[in-house]
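Scroll down for the structure; my scribbles are underneath it.
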Amino acid sequence: MIVKITDFASGDVNFVEYSVFGLSSEQLNFLNDNLDEKTCIADDALIIRTYFDDELYPFASDVAQYRLDDFIAREEIEMNVFLSSFLEDM
């Protein structure tokens with residue numbers, strides 16, 4: 001499984017959009033049907049959009065602005081771990 005952040009924004013609405021590649025069709029459908037976040041399947045990838053309150057938005061800190069690549073990598077790893085554990089329930 002490969003998780004990539006494909007979009008993010010802060011302001012009126014804080015969100016991070018993840019694209020997840022390398023899943024079987026069974027895994028795609030399971031995640032799409034069972035995750036609480038907004039999801040869809042496009043081109044054999046699962047798209048997940050997660051919304052955040054201001055205080056929980058991962059890219060809001062001053063440090064994140066200077067080390068954005070590190071923060072993006074950490075978020076991708078955390079989503080990969082979360083989805084892997086979620087798939088164990090499949």
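The values are calculated or read from the model by the stated rules, or taken from the named source; none is laboratory data. All values reported here derive from a predicted model rather than from experimental measurement. Note that each Cβ is placed from the backbone with ideal geometry, even for glycine, and that neighbours are counted across all protein chains shown. What goes into the accessible areas is simple: the full protein's heavy atoms, side chains included, and nothing from ligands, DNA or RNA. Shrake-Rupley method; radii C 1.70, N 1.55, O 1.52, S 1.80 Å.
Quick look at the values:
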item: Solvent-accessible area, 1.4 Å probe, carbon plus sulfur percent, for the chain; result: 47 percent
item: Rel. contact order, % - alpha carbon contacts under 8 angstrom, at least six apart, the chain; result: 28 percent
item: Helical mean residue ellipticity (222 nm; -39500 (n - 2.57) per DSSP H run of 4+; nearest 500) of the chain; result: -12000 deg cm²/dmol
item: Solvent exposure of the chain as accessible area per residue, Å², 1.4 Å probe; result: 64 Å²
item: Coordinate range along principal axes, alpha carbons of the chain, Å, largest first; result: 40, 24, 24
item: Sequence of GLU88, GLU78, GLU37 from largest to smallest accessible area, 1.4 Å probe; result: GLU88, GLU78, GLU37
item: DSSP-loop trypsin sites (Lys or Arg not before Pro) across the chain, with at most 15 other Cβ within 10 angstrom; result: ARG67
item: Within-15-Å neighbourhood charge of MET90 [Cβ basis; K, R +1; D, E -1]; result: -4
